[in-house]
Amino acid sequence: MRIYKVGGAVRDRLLGRPVTDIDWVVVGATTEDMLAKGFRPVGADFPVFLHPKSGEEYALARTERKSGRGYGGFTFHASPEVTLEEDLIRRDLTINAMAEDDQQNLTDPYHGQRDLEARLLRHVSPAFAEDPLRVLRVARFAARYAALGFTVAPETLDLMRQLSESGELQALTAERIWKEISRALMEDQPQVFIEVLRACGALNVLMPEVDALFGVPQPQAHHPEIDTGAHTLSALEQAARHKQPLTVRWACLLHDLGKGLTPKEEWPRHIAHEFKGLKLIKAVNERFKAPRDCQELALLVGEYHTHGHRALELKPSTLLELLQSFDVYRRPQRFEEFIAACEMDARGRKGLEERSYPQADYLRGAATAARSVAVQPLLEKGFKGPELGEAIKRERLKALKAYKETASI
Ligand code: ATP
Ligand code: MG
């Protein structure tokens, strides 16, 4: 039995990046050998085991053959005769297809090291096209390593395009797609993920609502970058630069979907795009079964982001409605995320990335003012039921009027 480190751990060590999880491949062993050594089997599909102490994953060397559509459509063959090279050739990218023994001797039959130096994400073999998930994985690696200068090799992008056009992407489950999307959005350059998906035609399949934003103009006065797709990518880029959480990044990606529905005659204006976009945001949310907090924030940001930008001009009654819609009394964190998404939207404009966003503090102050209304004195005055609700609203409105006056001095 020979054991090698494989995949990300080898790649990231060679790149000088921190290695977080280590995958191992075991050559020359049977399931029985592994069980005898105390490894615990995981997963029904693959011969994969967890190390009894470290908990790291050890997979028996295996070959794969495509036998049908989608992820289930693979036949695996693991046996002690499968060589390291045979195991490595089924992997997605050359930089992921290197192995290392305990002396750090590298096995690199598909020239991963050469591609690391050339900064290329390149498929190992034509079998790449057998698993559509790889389209998303490559786009995600492109987002992660863009800062190091990595790009997708043209011939790999061709295969990704074929996969996108073949209809195979539709065979992926919502869960697997969301896992890739959510990881990609949390990378340093998530906009590159979207760009790569777009370049190979996958964006048009997975999120046609986002794809449709490219080529749609906006008024130059507010949007020097003009193109709505370019603006969306910039907002996402800013969200990553400002280390925003997944919820905010997801909301940034979807906030302007309504602009893709504007009739050409109305360009570059997008009247009521906030409202028109809601059904598209809902559709994308549901398509990938995004987690509840992501879904909620995306819808709220879609509907109210222009309110955020116009915060200082809003009437106290409109401010109150906004705060009520967010339930800032019980959900303060969600309102903070809304403010962050608005700010990333504002900064996601060409040449305006460093402009201050006074709306943020203004909105925080308004929330504090509305929250400061105490319920106890109203209860003591004898209000109850719906009347109590109305009385609280009146007091909050008063507080917001006072706030607006002092804030404008
Ligand atoms: P990360 O740093 O994100 O963990 P990784 O390269 O280690 O990156 P894993 O998903 O942990 O990625 O997978 C480990 C290895 O298994 C990969 O490096 C690759 O060799 C192989 N692999 C994983 N998923 C696929 C796939 N869908 N197709 C081909 N090879 C894959
Ligand atoms: Mg890994």
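Take ALA199 and tell me if it is modelled with pLDDT of 95 or more and of a type outside the set (Val, Ile, Thr). Write out each step before concluding.
Values: modelled with pLDDT of 95 or more: yes; of a type outside the set (Val, Ile, Thr): yes.
Here the answer is yes, as ALA199 does meet what is asked.
Results for (1) open to solvent by less than 40 Å² (accessible area, probe 1.4 Å); (2) within 17 Å of ASP256 (Cα to Cα); (3) assigned to a helix (DSSP H, G or I); (4) not small (Gly, Ala, Ser), shown as yes or no for each residue.
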| site | (1), (2), (3), (4) |
| --- | --- |
| ARG134 | yes, no, yes, yes |
| LEU157 | yes, no, yes, yes |
| ARG161 | no, no, yes, yes |
| TRP178 | yes, no, yes, yes |
| LEU203 | yes, yes, yes, yes |
| HIS222 | no, yes, no, yes |
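Say whether the condition of being within 16 Å of ligand 2 (Cβ to nearest atom) and aromatic (Phe, Trp, Tyr) is met by at least one residue in segment 12-27.
Yes: segment 12-27 contains one or more residues that are within 16 Å of ligand 2 (Cβ to nearest atom) and aromatic (Phe, Trp, Tyr).
Are there any pairs with C-beta distances below 6 angstrom linking a residue in segment 84-99 that is under 14 Å from LEU60 (Cα atoms) to a residue that is within 9 Å of ligand 1 (Cβ to nearest atom) and basic (Lys, Arg), with the two at least 6 apart or on different chains, and if so which?
No pair meets every condition.
Do you know which residues across segment 316-347 are within 18 Å of GLU303 (Cβ to Cβ) and either outside the structural domain of ALA298 (by TED's automatic domain parsing) or assigned to a loop (DSSP other than H, G, I, E, B) (or both)?
Step one: filter segment 316-347 for residues within 18 Å of GLU303 (Cβ to Cβ), giving 317-328, 331, 334-346.
Listed by number, the residues that qualify are ASP327, VAL328, ARG331.
Any chance you could count how many residues in segment 9-38 are closer than 22 Å to THR83 by Cβ and open to solvent by less than 20 Å² (accessible area, probe 1.4 Å)?
Residues flagged as closer than 22 Å to THR83 by Cβ and open to solvent by less than 20 Å² (accessible area, probe 1.4 Å) within segment 9-38 amount to 8.
Within the set of pairs 6+ apart or on separate chains, which have a first residue in segment 14-29 that is in contact (Cβ under 8 Å) with a residue 24 or more places away in the chain, a second that is within 12 Å of ligand 2 (Cβ to nearest atom) and open to solvent by 70 Å² or more (accessible area, probe 1.4 Å), and C-beta atoms under 9 Å apart?
These pairs meet every condition: ASP21/GLU57; ILE22/GLU57; ASP23/GLU57; TRP24/GLU57.
Of the conditions (1) open to solvent by 30 Å² or more (accessible area, probe 1.4 Å); (2) in contact with a strand residue (DSSP E or B) (Cβ under 7 Å, 6 or more places away or on another chain); (3) within 16 Å of ligand 2 (Cβ to nearest atom), ARG144 clears all except one; give me its number.
Here ARG144 clears every test but (2).
Being part of a loop (DSSP other than H, G, I, E, B) and of a type in the set (D, E, K, R): is that true of ARG269 here?
Judged against the criteria, ARG269 is a match.
Taking the stated definitions as given, is PHE288 closer than 23 Å to THR173 by Cβ and hydrophobic (A, V, I, L, M, F, W, C)?
It is true that PHE288 is closer than 23 Å to THR173 by Cβ and hydrophobic (A, V, I, L, M, F, W, C).
Would you be able to tell me the number of residues in segment 279-294 that are open to solvent by 50 Å² or more (accessible area, probe 1.4 Å) and closer than 14 Å to LEU261 by Cβ?
Qualifying residue count for the region: 2.
When you go through ARG91, ARG11 one by one, which is the residue that is touching a helix residue (DSSP H, G or I) at 6+ places or on another chain (Cβ under 6 Å), under 21 Å from ARG134 (Cα atoms) and within 14 Å of ligand 1 (Cβ to nearest atom)?
Values: ARG91 fails: touching a helix residue (DSSP H, G or I) at 6+ places or on another chain (Cβ under 6 Å).
None of the others qualify; the one that does is ARG11.
Strands (runs of 3 or more DSSP E) wholly in segment 38-114 with at least 3 residues that are over 28 Å from the mean Cα position of the chain (by Cα) and of a type in the set (D, E, K, R) - which ones?
Strands (runs of 3 or more DSSP E) meeting the threshold: 62-66.
The values are calculated or read from the model by the stated rules, or taken from the named source; none is laboratory data. Predicted, not measured: the structure shown is a model, and the values here were computed from it. As a convention, Cβ positions derive from the backbone with ideal geometry for all residues, glycine included, and neighbour counts pool all protein chains shown. Each accessible area value is taken on the protein alone, full model and side chains, heavy atoms only, with ligands, DNA and RNA left out. Shrake-Rupley method; radii C 1.70, N 1.55, O 1.52, S 1.80 Å.
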